[in-house]
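Read through the structure below, which is laid out as structure tokens, and then see the notes.
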Amino acid sequence: MGIGLDAVTALSPAGDSRAGEVLRLRREISRMQRRRSEHPLLPLDPAFSSLLPEEGLQTGTAYTVSPSPSLVLALLAAASSKGLWCAVVGMPTLGVEAAAAFGIELARLILVPEPGDRWLAATSALAEVVPLIAVQPGSRARDADVSRLSARLRDRGSTLLVTESTTTGAWPQSEGAIRLHDQHWLGIGEGWGLIEGSTATVTARTRHSPLSSSVRVRLPGTHGAVEELPTEKSVGEITTEPTTLHGLRGGAGTPLEYPRLAVAG
């Protein structure tokens with residue numbers, strides 16, 4: 001029961017056919033008849049557990065996230081592995097092989113790659129039955145539309161991950177922000193090699209926790225899931241015992257005399 005990769009492949013046709021696709025999507029969604037979630041949180045990968053105060057994503061809310069496919073997939077993975085449905089709207093370059101590598105169950109993943117100007121309608125329809133949705137807005141949403149979608153999220157207990165951009169900015173009425181930065185790709189050299197993954201810093205901040213939290217991770221990890229990396233000590237944290245360098249002092253503790261240096265130029 002439900003919609004998988006075979007049932008919903010795209011909302012990409014141009015013109016009025018998009019409206020028909022949205023209506024078909026609504027009909028398919030109504031068949032799923034998901035009840036409102038009674039769980040206040042959606043799970044996160046253990047590597048992300050320290051980012052948020054509750055160690056999970058609050059249901060019925062929206063989060064602003066970086067437009068990184070790796071981050072989006074990492075945030076979906078834990079909920080998918082627990083048997084929950086997930087959806088991705090407006091991300092045509094997101095690969096299903098990459099999703100599987102993060103441990104996402106493809107049979108419970110809904111993809112709407114190119115909804116065009118219907119991205120908000122598709123997201124609102126999916127919020128009726130899908131617990132966790134990631135969306136890349138095609139345009140800036142009006143305040144009234146944001147308020148209606150927020151009300152639907154609260155009513156149905158769905159969680160929304162909205163990617164930010166220079167055009168749309170941060171999502172209004174966002175519960176918090178989860179951003180990826182300092183990303184370094186692994187496996188590639190100077191014009192050669194295959195990408196094996198990446199390391200990056202993920203930072204989160206919420207309305208109830210203004211102080212940001214960060215974690216250094218590998219996306220994906222060596223076994224497919226997110227892998228937390230050890231925190232590197234800063235220069236101020238590294239302490240060493242003073243070391244005596246032979247030859248700088250004489251045997252009796254008297255400084256050695258060196259010949260004068262000539263200055264040229």
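The values are calculated or read from the model by the stated rules, or taken from the named source; none is laboratory data. The structure displayed is predicted, hence computed values, not measured ones. Using ideal geometry, Cβ is built from the backbone for each residue, glycine included, and neighbour counts are taken over all protein chains shown.
Report yes if some residue within the stretch 157-170 is surrounded by fewer than 17 Cβ atoms within 10 Å (Cβ to Cβ), modelled with pLDDT of 90 or more and among the small types (Gly, Ala, Ser); otherwise report no.
Just the residues of the stretch 157-170 that are surrounded by fewer than 17 Cβ atoms within 10 Å (Cβ to Cβ), to begin with: 165-167, 169-170.
Now restrict to residues that are modelled with pLDDT of 90 or more: none.
No: zero hits.
Please identify the pairs in which a residue from the stretch 189-215 that is within 14 Å of residue 64 (Cα to Cα) has its Cβ atom under 9 Å from the Cβ atom of a residue that is modelled with pLDDT under 90 and of a type in the set (D, E, K, R), counting only partners at least 6 apart or on another chain.
206/54
So in the stretch 150-176, with the set limited to residues that are within 13 Å of residue 63 (Cα to Cα) and among the aliphatic types (A, V, I, L, M), which one is farthest from the chain's Cα centre (by Cα)?
Filtering the stretch 150-176 for residues that are within 13 Å of residue 63 (Cα to Cα) and among the aliphatic types (A, V, I, L, M), the one farthest from the chain's Cα centre (by Cα) comes out as 153.
Name the helices (runs of 4 or more DSSP H) wholly within the stretch 30-138 that hold at least 1 residues that are at pLDDT below 95 and under 24 Å from residue 197 (Cα atoms)?
69-81, 96-101
Mind checking which pairs have a first residue in the stretch 55-73 that is within 17 Å of residue 209 (Cβ to Cβ) and a second that is part of a loop (DSSP other than H, G, I, E, B) and of a type in the set (A, V, I, L, M, F, W, C), Cβ under 7 Å, 6 or more apart or different chains?
Taking only residues 6 or more apart or on different chains, the pairs are 55/44; 56/44; 57/44; 62/171; 64/170; 64/171.
Give 203, 199 a once-over and let me know the one that is modelled with pLDDT of 95 or more, in a strand (DSSP E or B) and over 15 Å from residue 91 (Cα atoms).
It is 203.
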